[in-house]
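Data first, discussion second: the structure below is written as structure tokens.
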Number of protein chains: 2
Amino acid sequence: MDPFQMIHIDKAATEHMYIQIYKSIADLIRQGQIKSNVKLPPIRSLAEQLGVNNVTIVKAYDELEKEGYVHKKIGSGTYVKPMDHHGGAREPFEDVGRGLEQMDRGQIHIHSDMISFSSATPTPDLFPVEDFKNLLIEILDRDAGSVFGYQESQGYYPLRESLVSYLQQYGICTSVNHVQIITGAQQGIDVISKAFVEYGDAVIVEYPTYTGAIATFKSRGAKIIEIPILPDGMDMDKLEEKIQEYKPKLIYTMPNFQNPTGYSYNSQKKKQLLELAYKYNVLIVEDDYLSDLNFNGYDAATLKSMDMQDVTIYIKSFSKVFMPGLRLGFLVIPSKLHPQILAAKHASDISTSGLNQRAFDLYLRKGIWKHHIQFMQRIYEERFEIMVRCLNEYIIPLGVCCSMPQGGLNFWLCLPEGFSSNELYRKCEENNLLILPGSIFSSNQKESPCFRLSIAAVYPDQIKLGIKKLSEILERMIGKKESSNIHPYFPIL
Amino acid sequence: MDPFQMIHIDKAATEHMYIQIYKSIADLIRQGQIKSNVKLPPIRSLAEQLGVNNVTIVKAYDELEKEGYVHKKIGSGTYVKPMDHHGGAREPFEDVGRGLEQMDRGQIHIHSDMISFSSATPTPDLFPVEDFKNLLIEILDRDAGSVFGYQESQGYYPLRESLVSYLQQYGICTSVNHVQIITGAQQGIDVISKAFVEYGDAVIVEYPTYTGAIATFKSRGAKIIEIPILPDGMDMDKLEEKIQEYKPKLIYTMPNFQNPTGYSYNSQKKKQLLELAYKYNVLIVEDDYLSDLNFNGYDAATLKSMDMQDVTIYIKSFSKVFMPGLRLGFLVIPSKLHPQILAAKHASDISTSGLNQRAFDLYLRKGIWKHHIQFMQRIYEERFEIMVRCLNEYIIPLGVCCSMPQGGLNFWLCLPEGFSSNELYRKCEENNLLILPGSIFSSNQKESPCFRLSIAAVYPDQIKLGIKKLSEILERMIGKKESSNIHPYFPIL
């Protein structure tokens with residue numbers, strides 16, 4: 001059968017026709033239905049076959065080219081690129097790096113038959129669209145053009161006010177003047193770096209840590225000092241040693257449900273961390289996006305709430321976990337540092353969308369946010385529990401180690417010695433399973449036996465299915481091992 | 001009369017009560033009704049007098065303190081700060097710098113009786129709120145949760161597609177892959193700097209130039225080389241000399257209706273600029289936000305449309321002039337530079353609001369944008385013409401020089417030798433008139449005889465009133481001079 005007869009489009013769908021065609025052909029290439037080096041049909045004939053404009057086909061082919069599935073030969077036509085053995089349209093040796101980089105930047109289309117433990121962004125169906133729409137309408141009726149007019153760089157005053165009272169529930173006592181609105185945690189890190197990190201300055205981060213933070217610090221020309229995180233936080237002696245050695249400008253930390261490990265600092269280490277910051281006059285940058293997802297009654301106090309000497313910049317993103325795509329978050333800033341932060345925010349993008357700020361302010365004021373958080377907590381808690389059960393049942397017995405988190409969305413697993421999670425990533429991708437190998441969570445992208453599974457974008461059924469699949473892949477890869485085979489990379493408490 | 005009896009609030013107004021109280025007291029202080037060193041009434045008594053909560057008064061006082069009108073003495077009360085002779089609540093010597101910095105960052109409340117030639121942001125009444133609201137509703141009904149879900153860092157594909165066809169009208173031929181969505185011109189400059197400017201790199205800018213660009217380049221640790229802009233563009237010999245001397249990474253330029261001068265490059269200089277970029281392998285960053293406001297039939301071709309060797313990064317912001325507060329713009333990028341730009345955008349804020357992108361896409365597709373632009377062009381053209389007339393009538397005869405722009409929103413005026421525009425700024429502010437002195441448009445903030453007047457935020461009546469007022473201030477300041485008194489700072493063509 002001509003594989004191009006299998007191209008399927010739905011003219012009633014809201015998705016653009018050329019995207020449907022692109023996806024359909026890409027799937028057929030990945031599935032091997034359309035082979036390497038095959039020439040795609042001429043524009044006109046495929047357009048006729050599908051009953052669409054020529055332009056639609058041109059666009060679909062462009063997209064295929066852009067995504068690396070095909071290449072064009074001038075004067076000859078469009079050809080399917082040679083595939084590597086993983087079934088993906090990648091260069092043989094660069095595939096992991098490039099693929100991950102692209103995935104990380106939202107450049108990879110996730111196919112519907114894929115199970116993605118890699119995404120930390122929840123599925124769109126969880127977004128409270130109707131509520132939000134009504135708020136937008138209310139705001140536009142209430143404030144009209146002002147919504148789009150002059151916006152304070154520091155953020156919409158009433159929103160900052162709402163946030164001050166919101167923060168009191170979390171034991172953070174601050175004032176409107178110390179809140180800076182940002183478009184999300186990534187911008188927070190960027191703005192803080194602009195304000196305080198100069199070329200050549202040292203910055204301490206946990207190892208492994210959030211990729212986006214590494215990228216930003218690197219982009220400032222900072223020297224990145226990595227301190228391994230243990231299941232109860234960084235080793236404080238090592239931290240002190242490194243502070244003495246490198247005199248860092250700041251310490252970037254996620255004390256609760258760290259990304260990617262899910263680890264949390266115990267109370268003592270939190271206190272010690274603050275004391276070291278006081279002692280050596282180092283700024284702490286606390287990135288907190290998951291402390292609301294506390295499932296086991298762990299003490300998820302933030303450093304900011306414990307900080308008596310105002311050395312902590314607190315970053316909170318609302319958008320990541322609860323309202324992705326909203327592009328909204330905030331900083332709580334030690335008062336003396338505010339002018340630098342404000343200048344850096346201004347130099348970054350002047351101000352954050354007034355529409356989103358006003359809508360979110362109303363969302364908080366009306367108490368809808370509280371209900372939404374509770375709703376999301378239930379959703380995530382169910383996934384969390386299923387994940388814990390599945391890992392215990394299928395993965396841990398294979399000799400793969402995991403210190404189960406107390407909450408959050410991330411699980412950090414480590415393969416036995418000698419195995420690389422890059423390799424595992426590739427094997428999983430072949431099986432339509434996405435994970436994130438540890439290499440991307442370090443400053444030099446060094447290979448790691450560990451990998452991250454996130455439950456943000458998987459439904460309960462997919463978790464079961466996906467973890468079973470993963471266990472099969474792992475079994476083939478490492479063979480059955482005794483669960484007592486303790487992993488040397490994996491620190492024991 | 002007790003001046004505090006004059007505090008006026010309107011309980012039916014949408015504006016927060018404490019903001020009303022803050023503004024009312026601030027006005028009374030500025031007007032001298034409430035004198036320096038006067039103690040504000042105790043919280044409770046003012047709350048009683050106005051029939052509001054104590055907390056409302058606390059907040060109003062906090063705001064007054066933040067804005068520098070009052071200071072608190074612990075255990076004693078809140079006192080009005082000593083005023084300087086300009087009637088503003090500023091430190092005597094730092095006032096220009098601090099005031100400007102704050103104004104520039106949107107931190108200064110512009111009083112209703114002020115005429116602001118300083119703001120480059122149009123008045124909120126020009127925003128097409130109803131149209132935009134309907135589009136938002138349409139988008140949310142059409143795309144539901146996807147609006148807030150996964151967003152490509154490069155930008156929403158259909159929007160990039162719309163932009164490609166939009167750009168064809170401007171003679172810019174590009175493809176979806178070369179368009180990068182950003183949240184506005186400022187972010188564009190920031191992202192480009194992250195991608196290409198390392199610590200110690202040289203960057204060439206026009207002198208004077210956009211403050212926000214200087215801030216960003218500085219923040220990257222760049223060496224900023226300023227080349228004076230003449231009414232027909234930079235001196236190309238000097239440019240070549242500086243390129244040879246400093247080997248800059250990029251040249252930041254606004255070839256049409258430059259900010260702050262309003263000057264435009266002639267066609268020959270545009271060509272020469274490109275040729276120098278080809279010859280010395282320098283990147284051109286073209287910031288184009290005003291070329292749509294071309295009132296005199298000048299050839300406002302963009303460098304990008306003339307660039308045959310793909311060395312120009314084109315920055316376009318929609319939000320600045322036509323839809324402030326929307327936070328949306330785009331880059332057109334030479335193909336080989338795309339990976340770096342994408343990485344820098346990702347490290348800045350992951351992606352731009354999907355809601356705004358989708359709504360704006362529909363705005364373009366439905367042709368509403370075209371109508372809106374035409375509407376705005378008419379509004380601005382009227383202001384432009386009035387401004388030209390008023391300057392010719394009241395200002396030029398005083399010996400103040402101005403090379404009238406061909407379009408855009410900015411007018412650049414230069415005082416005779418020996419006068420500083422910082423001084424003029426102060427005198428204007430005393431008279432509730434805001435202008436921007438030339439000092440803020442240079443990398444070292446050096447004093448300048450020149451200043452910028454913008455017509456973005458003034459109504460026709462205000463232009464007449466404001467320019468008359470300005471002429472009176474100027475007359476007092478410099479005395480009547482012959483218009484033939486040519487200014488040494490002002491280059492003659």
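The values are calculated or read from the model by the stated rules, or taken from the named source; none is laboratory data. Remember, it's a predicted structure, so these values are computed and weren't measured experimentally. Every residue, glycine as well, gets a Cβ built from its backbone with ideal geometry; the counts of neighbours run over all protein chains shown. Surface areas here come from the heavy atoms of the whole protein model, side chains and all, with no ligands, DNA or RNA. Shrake-Rupley method; radii C 1.70, N 1.55, O 1.52, S 1.80 Å.
Looking at region A:129-366, send over the antiparallel percent of its DSSP beta bridges, to the nearest 5.
Of those bridges, close to 35 percent are antiparallel.
Pairs B:270/B:304; A:39/A:72; A:59/B:345; A:11/B:133: which exceed 21 Å Cα-Cα?
Listed pairs above 21 Å: A:59/B:345; A:11/B:133.
Based on the alpha carbons, how large is the Rg to Rh ratio for region B:331-452 when Rh follows Kirkwood?
1.12
Please list 3J(HN,Hα) in residue order for region A:179-191, calculated via the Karplus relation 6.51 cos²θ - 1.76 cosθ + 1.60 where θ = phi - 60°; whole Hz, with x for glycine and proline.
9, 10, 7, 9, 8, x, 4, 4, 5, x, 4, 5, 5
Suppose R0 equals 60 Å. What FRET efficiency, 1/(1 + (r/R0)^6) with r the Cβ-Cβ distance, do residue B:66 and residue A:417 give to the nearest 0.05?
0.55
Run the dipole for the protein assembly as shown about the Cα centre, Lys and Arg Cβ at +1, Asp and Glu Cβ at -1, nothing else charged, and hand back the magnitude in debye, nearest 20.
120
Counting only the heavy atoms of the protein chains, how much of residue B:211 is accessible to a 1.4 Å probe, in Å² to the nearest 10?
Roll a 1.4 Å probe over it and residue B:211 shows about 30 Å².
Scan chain B for the residue whose Cβ is closest to the axis carrying it onto chain A, then write down that distance in whole angstrom.
That would be B:199, 2, residue then distance in Å.
Could you work out the mean count of beta carbons from other protein chains within 10 Å of each residue's beta carbon in A:349-361?
That works out to 6 on average.
Work out the mean other chain Cβ neighbour count within 10 Å for the residues of A:331-343 and drop it here as an integer.
1
Per residue, how large is the accessible surface of chain B? Use a 1.4 angstrom probe and give square angstrom.
Accessible area per residue, chain B: 38 Å².
Give me the percent of Cα-Cα pairs in region A:243-355 that sit more than 25 Å apart, rounded to a whole number.
Cα-Cα pairs of region A:243-355 separated by over 25 Å account for 28 percent.
Under the Karplus relation 6.51 cos²θ - 1.76 cosθ + 1.60, θ = phi - 60°, what is the ordered set of whole-Hz ³J(HN,Hα) values for region A:58-66, x standing for Gly and Pro?
Calculated HN-Hα couplings, in order: 4, 5, 4, 5, 4, 5, 4, 5, 4 Hz.
State the dimensionless ratio Rg/Rh of region B:177-316 (Rg: radius of gyration of Cα atoms; Rh: Kirkwood radius).
Here Rg/Rh amounts to 0.93.
How many angstrom lie between the C-alpha centres of region A:136-207 and region B:272-308?
Region A:136-207 and region B:272-308 have Cα centres spaced 36 Å from each other.
When each copy gets a label point 7 Å from Cα toward the beta-carbon at residue A:130, what are the spacings between them in nm, shortest first?
2.8
Would you pull out the residues with amide H under 5 Å of residue B:116's amide H, same chain only if 5 or more places away, H placed 1.01 Å from N?
B:434
List the pair-distance distribution P(r) of region A:3-89, using every Cα-Cα distance, as the percent of pairs falling in each 10 Å bin from 0 up to the bin containing the longest distance, rounded to whole percents.
Going out from 0 Å in 10 Å bins, region A:3-89 shows 18, 55, 24, 2 percent.
Return the whole-Å distance between the Cα centroid of region B:221-263 and the Cα centroid of region A:24-82.
If you average the Cα positions of each part, the centres end up 45 Å apart.
For region A:395-455, count the residues as N, evaluate 2.2 N^0.38 Å, and divide the Cα radius of gyration by that value, please.
Dividing the Cα Rg of region A:395-455 by 2.2 N^0.38 Å gives 1.09.
Debye calculation, C-alpha points only, no solvent: report log10 I(q)/I(0) for the protein assembly as shown at q = 0.05, 0.07, 0.09 Å⁻¹, in the same order as the q values.
-0.32, -0.64, -1.06
So what is the 222 nm mean residue ellipticity for chain A from helices alone, if each DSSP H run of at least 4 adds -39500 (n - 2.57) and you divide by all residues, rounding to the nearest 500 deg cm²/dmol?
The helix contribution divided over chain A gives -12500 deg cm²/dmol.
Keeping the other protein chains in place, figure out the carbon and sulfur percent of the accessible area of region A:3-89, with a 1.4 Å probe.
So the carbon and sulfur contribution to the accessible surface is 51 percent.
What does the average come to when, for each residue of peptide A:139-149, you count the partner chain Cβ atoms lying within 10 Å of its Cβ?
6
Taking the alpha carbon gyration tensor of chain A, what are the square roots of 5 times its eigenvalues, largest first, to the nearest whole Å?
40, 30, 22
Along Cα-to-Cβ, 7 Å out, sits the label point; list in nm, shortest first, how far the one on residue A:417 is from those in the other copies.
8.3
Could you pull out every residue, at least 5 positions away or on a different chain, whose amide H is within less than 5 Å of the one on residue B:155? Hs are placed 1.01 Å off N in the peptide plane, and Pro or chain starts have none.
B:181
With a sphere of radius 13 Å drawn around the Cβ of residue B:176, what net charge do the other residues whose Cβ falls strictly inside it have (Lys, Arg +1; Asp, Glu -1)?
Computed value for this residue: -4.
Tally Lys and Arg at +1 and Asp and Glu at -1 over the other residues with C-beta under 10 Å from the C-beta of residue B:71: what net charge comes out?
The answer is +2.
Read phi for every residue in region B:28-39 and hand back ³J(HN,Hα) as whole Hz from Karplus 6.51 cos²θ - 1.76 cosθ + 1.60, θ = phi - 60°, with x for Gly and Pro.
Once rounded to whole Hz, the list reads 4, 5, 4, 6, x, 5, 9, 8, 4, 6, 6, 7.
Tally up the carbon and sulfur contribution to the accessible surface of region B:252-310 as a whole percent, 1.4 Å probe, everything protein left in place.
Solvent-exposed carbon and sulfur of region B:252-310 make up 45 percent of the total.
Give the interface area between chains B and A as buried accessible surface, both sides summed, probe 1.4 Å, in Å² to the nearest 100.
5700
Using modelled backbone amide H atoms (1.01 Å from N, in-plane), which distant-in-sequence or interchain residues come within less than 5 Å of residue A:407's amide H?
A:295
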